[in-house]
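Each remark here refers to the structure printed beneath this line.
Just so you know, all these numbers are worked out from the coordinates, no wet-lab data involved. Quick caveat: nothing in here was measured; it's all calculated off a predicted structure.
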Amino acid sequence: MFTFSYSSIFTFFIFCTVLSTIIFFLSYTVSLKEEDPEKLSIYECGFNPFSDSKNEFSVKFFLVAILFIIFDLEISFLFPYSASIDTINVFGCFSMIFFLVVLTVGFLYEWQKGALDWS
């Protein structure tokens with residue numbers, strides 16, 4: 001009973017392992033290993049580097065990046081809600097309203113502190 005029910009999963013696992021191993025070693029042996037000066041050059045958004053690469057970044061850059069990730073993840077919680085809007089009850093509606101209020105308050109706080117200003 002055990003071998004019949006899980007044999008297809010086990011076979012698929014073995015097939016994927018063997019295939020990925022073959023592809024890995026084939027790409028390693030077939031690929032060109034010639035060093036190209038263009039490939040070895042430093043690349044910064046299409047421009048030559050202005051100075052040493054160990055310069056410190058502005059904290060503003062990291063703040064905007066983190067805030068983008070936070071708000072992007074919070075917005076992704078709206079998709080399951082919108083897909084099941086016809087089946088949720090009153091508690092689900094109020095919890096989503098609370099979530100949106102917290103999201104709006106966080107956005108207004110961020111805007112007030114000037115985290116969205118690029119100057």
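Quick one: length gained pulling TYR109 to PHE25 fully straight, 0.36 nm per residue minus the C-alpha distance?
Using 0.36 nm per residue and subtracting the Cα-Cα distance, I get 25.0 nm.
Report the extension gain between CYS93 and ASP36 in nm, rounded to one decimal, defined as 0.36 nm multiplied by the number of residues separating them, less their alpha carbon distance.
14.7 nm
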